[in-house]
1. On a 0 to 90° scale, report how tilted helix 30-48 is relative to the longest principal axis of the chain, with both axes built from alpha carbons and the result rounded to the nearest 10.
2. Are there trypsin sites (Lys or Arg not before Pro) in the range 19-99 that DSSP marks as loop and that have at most 16 other Cβ atoms within 10 Å, and which are they?
3. Taking the Cα centre of the chain as origin and charging only Cβ (+1 Lys, Arg; -1 Asp, Glu), how large is the dipole, in debye to the nearest 20?
4. Calculated from the structure, Cα extents along the principal axes in Å equals which of (1) 38, 29, 24; (2) 38, 34, 19; (3) 77, 42, 29?
5. Determine ³J(HN,Hα), in whole Hz, for all residues of the range 73-88 in sequence, where each value follows from phi through the Karplus function 6.51 cos²θ - 1.76 cosθ + 1.60 and θ = phi - 60°; x replaces Gly and Pro.
6. Among all lysine pairs in the chain that are eight or more places apart or on different chains, how many have alpha carbons less than 26 angstrom apart?
7. So what's the angle, to the nearest 10 degrees on a 0 to 90 scale, between helix 8-28 and the longest Cα principal axis of the chain?
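Here, each number is a calculation from the coordinates, and none is a lab measurement. Being a predicted model, the structure only gives us computed values, none of them experimental. Every residue, glycine as well, gets a Cβ built from its backbone with ideal geometry; the counts of neighbours run over all protein chains shown.
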Amino acid sequence: MNMKRGTPMYGIAIGTALVALGALVMLIGFWKTLILAVLFAVGYFLGTVENKSEFMKNAANKLIPDKEAKVIDFKTELAREQEQAQNTAEEAVKADENKE
C-alpha cells in the first residue's frame, strides 16, 4: 500500500478518518468525541515511545526550571549586546583605517 502524502490512498485514508470523526461527533457529541481523541492520543503515545521514563524526565526538565538557573535581565542583556555590536563596529572601522 502506498500511503505517502499526495497519493490517492492517503487521500482516501484521511477522508475516511474525517468521515468517522464527523459521525462520532453527530452520534455521541463533541465533548465525548474530544475525550475519545485524547485517550487515543495517550494510547498512541504509550505505544510508540520506547523509553517513557527518559521522555518524562526530559519533559519535566523543560517545564520545571532549574533552581540554580540564573534569571536573565533582558534590559541588561540588550545593553550588553548593543555595546558588543558597537565595539565590533568600531574595531571594523579601525581595521579599515589601518589598511589604508
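1. So the inclination is approximately 70 degrees.
2. Working: sites: Lys32, Lys52, Lys57, Lys62, Lys67, Lys70, Lys75, Arg80, Lys94, Lys99; in loops: Lys67, Lys70.
Here the trypsin sites (Lys or Arg not before Pro) that fit, given the DSSP loop and packing criteria, are Lys67, Lys70.
3. Values: 12 positive and 13 negative charges, 216 e Å.
The calculated dipole for the chain is roughly 1040 debye.
4. (3)
5. 8, 5, 5, 5, 5, 5, 5, 5, 5, 5, 5, 4, 5, 5, 4, 5
6. Numbers: Lys52/Lys62; Lys52/Lys67; Lys57/Lys67; Lys57/Lys70; Lys62/Lys70; Lys62/Lys75; Lys67/Lys75.
Qualifying lysine pairs in the chain: 7.
7. Compared with the principal axis, the helix lies near 70 degrees.
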